[in-house]
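Written below as structure tokens is the structure these notes are about.
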Amino acid sequence: MGKKTSALRGTAKVDAVYIHNAKTAAATLFQNKWRIEILCAMCSGPTRLGQLSRKIPGASKKVLTQNLRQLEASGIVVRRDMSDLVLHIEYDLDRDIKAGVCALLDYLAEWGRHRLNSPAPIRENNRSST
């Protein structure tokens, strides 16, 4: 994160634009239970719907298609029709944001791994005084 971002988080009054941007990004990327799996699968490169459905067996092709269309409308995913003789459509993360989205997912995965492997801290206000 840049100096401006960390400076905003450190102030007593958080900038409303900063909060709005964070909420919008989180809502777009993590709107439902399949988004993280779709985005993680796409970090490895362009993928077709069939490949995506094999990587995420719990999601129907209809649900995957709906999510891909929403992500495309948000400018996160690019749809490429490469059909010549055979139907061939690939989906990929937009090249301008791919590195950032994949880095964010990597960070969340590492944070989750760390949290799962370390005991939760006991907070003073959670202890009973009996």
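A compact table of results
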{"read-out": "Residue among ALA41, ALA27 that alone is in a helix (DSSP H, G or I) and loosely packed, with under 14 Cβ neighbours inside 10 Å", "value": "ALA27"}
{"read-out": "Selection from segment 48-75 of residues that are outside any helix (DSSP H, G or I), over 22 Å from ALA25 (Cα atoms) and in contact with a helix residue (DSSP H, G or I) (Cβ under 6 Å, 6 or more places away or on another chain)", "value": "ILE56"}
{"read-out": "Where a residue in segment 50-69 is buried (at least 16 other Cβ atoms within 10 Å of the Cβ) and its partner, wherever it lies, is aromatic (Phe, Trp, Tyr) and at pLDDT 95 or above, with Cβ under 7 Å and at least six apart", "value": "LEU68/TYR91"}
{"read-out": "Test: residue in segment 28-36 that is modelled with pLDDT of 90 or more, within 23 Å of ALA99 (Cβ to Cβ) and basic (Lys, Arg)", "value": "yes"}
{"read-out": "Yes/no for THR130 being of a type outside the set (Phe, Trp, Tyr) and at pLDDT 90 or above", "value": "no"}
{"read-out": "Residue in segment 76-99 that is surrounded by 11 or more Cβ atoms within 10 Å (Cβ to Cβ) and part of a helix (DSSP H, G or I) present", "value": "yes"}
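The values are calculated or read from the model by the stated rules, or taken from the named source; none is laboratory data. For clarity, every value in this text was computed on a predicted model and none was experimentally measured. Using ideal geometry, Cβ is built from the backbone for each residue, glycine included, and neighbour counts are taken over all protein chains shown.
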